[in-house]
Each structure stands twice: as structure tokens, then as C-alpha cells.
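What follows draws every value from the coordinates through simple rules; no lab data is involved. Computed from a predicted model, the values in this text were never measured in an experiment. No Cβ is skipped: glycine too gets one built from the backbone with ideal geometry, and neighbour counts run over all protein chains shown.
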Number of protein chains: 2
Amino acid sequence: MQGKNIPKKVVLAMAGHDPSGAAGIQADIESIAAAGCHAVTIITALTAQNTASFQELVPQQSDNFRKQCLSLLSDITIDACKIGLLGNLVIATVISEILDKLDVPVVLDPIIKAGTGKLLTTTELSTYISRELLHRVRVLTPNCAEARSLTGCKEIYQAGEKLLEWGCPHVLITGADEETIQVTNILFTAHTDPVPYQWERLPGTYHGSGCTLSSSIAAFIAQGNAIKTAIEAAQEYTWKTLKYGCRLGHGQIHPNRFHNS
Amino acid sequence: MQGKNIPKKVVLAMAGHDPSGAAGIQADIESIAAAGCHAVTIITALTAQNTASFQELVPQQSDNFRKQCLSLLSDITIDACKIGLLGNLVIATVISEILDKLDVPVVLDPIIKAGTGKLLTTTELSTYISRELLHRVRVLTPNCAEARSLTGCKEIYQAGEKLLEWGCPHVLITGADEETIQVTNILFTAHTDPVPYQWERLPGTYHGSGCTLSSSIAAFIAQGNAIKTAIEAAQEYTWKTLKYGCRLGHGQIHPNRFHNS
């Protein structure tokens, strides 16, 4: 229980808005709250989408985006940052500018496609992530398709090594998008052997599992946990949100981020 | 605990976005989750603001707003709706159009000013609320200043009666913005004597208490509670979020919507 003089740790989420609440900033807000932190959020893009399909991406005007960031950060001290959907290249450059002023650990979930399949990142934005964002990021959480798309490597261990070489010290490549019996996530850390994590594959497909994972990693880091501890606790939490997921729409299942309540 | 076959009740929140997460859709998402429901959200307006001041209101384009609503509502069934900041008159007319297609209880928090003082509603938007929105609404939750501004009545009991006459069957006028020793909220219901509720006045000022109250009323109604029961439970919940509030910024205090966790 938090009193007025025991402030919670604060995690800044910069991400898209998904009206269904399964993914995007709502996934971030809920995962960060479930970890006992408080989320502050800046919206990169509004979207028309639901659990079955994606209709429209509306990135914010970058000057409004910058104004919102500066107003927020002039008032509230941030302990960690999670970045999701970038919206477009101009917003990505404002994010780099903001990150340079913040001395906090950053988790980036490099969203290339919506969970329902729509491509959300241009080639030049992917290049920007690799060349300009990665070295500002403490933990990267691509799925296998995103790791391959960013690096051009088909083989996951090669992709992981390349992402480390590009300057991100911790890369967790998630494997739910592979057709394996179990889900294997692999943690790549500079100068350390890769660590595989095996998870029971749950039936169905889920909307917002990547957002849930990356924002809970950021929350656990904000609370002072070691990176590896945070990554392990967040995988455990995320798997449970899927196990207790709710089918609220006609397409992908909603993670249940308050499954303990 | 919710399984895949025990879906949560769903509350649609149409409201503004506040980066600090104290007010707006984050207040709605958290209050609705704390009540055990799932929020789906459509953003009326983005804002640059913090706990001390308000810089900018950026209403969505109404055609994007409509597209997002239609995509969401074609996929997910809603049990109740909460409306906060309207953004502008065009968005308010789209909201009326959407409400006419939804046969669910609606709670409207008629936001005239930001908690930090900035005027967010034009005279014509206030008139639209009174003439076009009120009769579509099951519960209205103005504070004293908003009740006076909407009705032109200085006296709160007169303002409450006028809001009932305009077609809203339940009006809870909250009194935290009055300079009284205790906070008195008054529930006006058609053909019934007004019911006052007394609450200990807590020290300091809070950002997002009205959003918290109105969205938790909507969540309790979505769960099948009687209107009066929902209004009483939501007042109790909201008062506790303030009692356990956290000072995260330099201005108003953040309600702590997960004070039990």
C-alpha cells in the first residue's frame, strides 16, 4: 500500500493506442500497474483496429508529441522507459531526442506488424531502429519475425548476435510466432552465452502479448531488479496473463493482466 | 480469476488522454480494471498537461474517431459506457450518433475545466451537453462548478432539479470543489428526495478524481448493480484512491487506483 510520501516507481510508455485495450498503451498501463508501478504515457499513434483486423494508423503530429513529452518530463521523474509502436520516422527522431535527455533504462519492443498482420513499419523506420535507436536501448524484445526483419538473418542465433553487435546489450527474442511445440524465448547478452527459456505453448493467438512483456520488463527494472531477473519475472507474468486470457472479441484473445485479482 | 470462457464485463470509455496518467483514459482504464471489468477506449482528444498546468488540447479528427468506434464496436460487446472530455462539438455529435446505436447505460462526467484550471468546453458545447447528450445519459457526475455552469443556477439543489428536468434520471453532484469542512456529494433521482453523502475532506488537491468516480460507477453498473448501489460503491472506492494517493508530480496528487494491491 502506497502513502502520499511513498511514491511508486514511474515507467514512461511511448506507444500506440489500441481501442480494444488488448495491446498498445493500455497493455502498458495495466502491466506496469500490475507490477506495482505507475505508468505515464505518450501516444505515438492512434489506430482503428480490433482483435481481428487493423484498419488505420494515425501518427501524432511530431510537434504535439514533443510538447506532451516536455510537459510531462518537466513535472514527473521517470525510473524506466518502454517504447512500443513508433508511428513514423519523425516521431522516432523525437523519441531519440527525448531519450538523450533521460538517463534511464529503456526497453524497446520493435513492432513491425500488428498482431493481426498489418505492416506498421517502413524500411527506413526499420533502418532507423537498427542504426539510431538500438544503442540507446537497454533491452530489445523482438519476436522471431521482427529479429529476422531487422537483421536480415534467417537464423535466430545469428540475428541475436547481430542485434548485440549493433549496440543493444540485452536482446530477448521471443518465439511464440514460430511453429514449435513449446515456445522458446532466447536471451542474448553481450559476452555471455545465450539463455533459452521454454514455455508451454497455449492454445489460440493473443493480442498484446509483446506489449505486456516489454512493459513489465521495464516495470521490474524500474523497481531496481537486475536485468536478467526482470526479464525472467516478466516472462512468467506474461505467460500467466495469456493462460488466464479472456476472449472478448471475435479474433485474438485478450491477455488478462489482473489475473491475480 | 477469469478463464477464457468467463469473459469480463466490458466498459467503453470515451475520454481525453492525460500523459501524467492521473486523469483521462488512464484513470478510466485503471478504475475499470480495479472493479474487475475490462476497459475499451476511444480517445476524444490528446493533451499536453501535467499535474500543475495545462498547455494544449488536440481533439481527434472526427472521421478517425468514428472509424475507431465502428471498428471496436463491430468486434466487442459493451456492457456500459463512460464519457469524459468531449474534445469539441463535432466529436460530441459523433458520440451521440454512437450512443444511439448502443443500448447500454451511459455515465457522463461533464468536464468543463481541467483539474488545473484551464477551460476545456465552449458555451456551445455546454449547450449541446444540456440539450442533446443529457437525455441519452443514465448518470451525470458534475462537480458543483460544472452543475452551476451547465444550468445557470447558483443554488445546488436547484441545479440538480434542473438537470433531472433535462432528462438525465440520476445526477450525482460532487462537492470536493466547495469550501466546506466535509465533502458533500448529493444524488438527485427523478421522483425521489435528494440523498446527501458526507466524506472526510482529505488534505491537498487531486488530479483525476472525477474520472475515477465516473468510470467506477460505469463499471459497477456494467456488473449488474443497481444505480444507487453503484454510485455508493464508486464513491467509497474513489475516496480510498485519494486517501492512498501518491505525489508523483509537483502539482496535484495522483489517485492510487490500486491501493489494495
Length-normalised contact order for chain A - Cα pairs under 8 Å, 6+ apart - percent: 19 percent
Per-residue HN-Hα couplings for the stretch B:171-181 [Karplus 6.51, -1.76, 1.60; θ = phi - 60°; Hz; x = Gly/Pro]: 10, 9, 8, 8, x, 5, 8, 9, 9, 10, 5
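If I take all pairs of Cα atoms in chain B, what percentage of them are more than 23 Å from each other?
Values: 15907 of 33930 pairs.
Pairs farther apart than 23 Å: 47 percent.
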Anchor B:Lys113: lysines whose Cα lies under 30 Å away (excluding residues fewer than 8 positions away in-chain): A:Lys4, A:Lys8, A:Lys9, A:Lys67, B:Lys67, B:Lys82, B:Lys101, B:Lys154, B:Lys162, B:Lys228, B:Lys240, B:Lys243
DSSP bridge orientation in chain A - percent antiparallel, rounded to nearest 5: 45 percent
Separation of the A:Glu56 and B:Val195 label points, Cα + 7 Å toward Cβ, nm: 4.3 nm
Charge context of B:Arg201, other residues only, Cβ under 13 angstrom, K/R +1, D/E -1: -3
Shape call, the stretch A:106-189: gyration tensor on alpha carbons, a/c limit 1.5: oblate
Low-density loop cleavage sites - GluC sites (Glu not before Pro) in the stretch A:133-168, where at most 16 other Cβ are within 10 Å (DSSP): A:Glu155
Spherically averaged projected area of the stretch A:142-202 from its Cα convex hull (nm²): 3.8 nm²
Gaussian network model of chain A, Cα within-10 Å springs - most flexible of A:Thr151, A:Thr77, A:Thr141: A:Thr77
Relative contact order of the stretch B:69-147, defined on C-alpha pairs under 8 angstrom at six or more residues apart (%): 34 percent
Packing-based exposure ordering (other Cβ within 10 Å, fewest first) of B:Ser149, B:Ser214, A:Ser96: A:Ser96, B:Ser149, B:Ser214
Net dipole in debye of the stretch B:8-243 [+1 Lys, Arg Cβ; -1 Asp, Glu Cβ; about Cα centre; nearest 20]: 200 debye
Residue exposure sequence - A:Val104, B:Val106 - by fewest surrounding Cβ within 10 Å: A:Val104, B:Val106
Residue with peak Gaussian network fluctuation, chain B [Cα springs, cutoff 10 Å], from B:Gln60, B:Gln68, B:Gln235: B:Gln68
Volume per residue of the C-alpha convex hull in the stretch B:12-81, rounded to whole Å³: 74 Å³
Closest Cβ on chain B to the rotation axis that carries it onto A (distance rounded to whole Å): B:Ile29, 3
For the protein assembly as shown, Kirkwood radius (reciprocal of mean inverse C-alpha pair distance, Å): 23.0 Å
Likely footprinting exposure, B:Thr47, A:Thr192, A:Thr184, A:Thr123, fewest C-beta neighbours within 10 Å first: A:Thr123, A:Thr192, A:Thr184, B:Thr47
Most mobile listed residue (A:Leu120, A:Leu248, A:Leu108) in chain A, GNM with C-alpha springs under 10 Å: A:Leu248
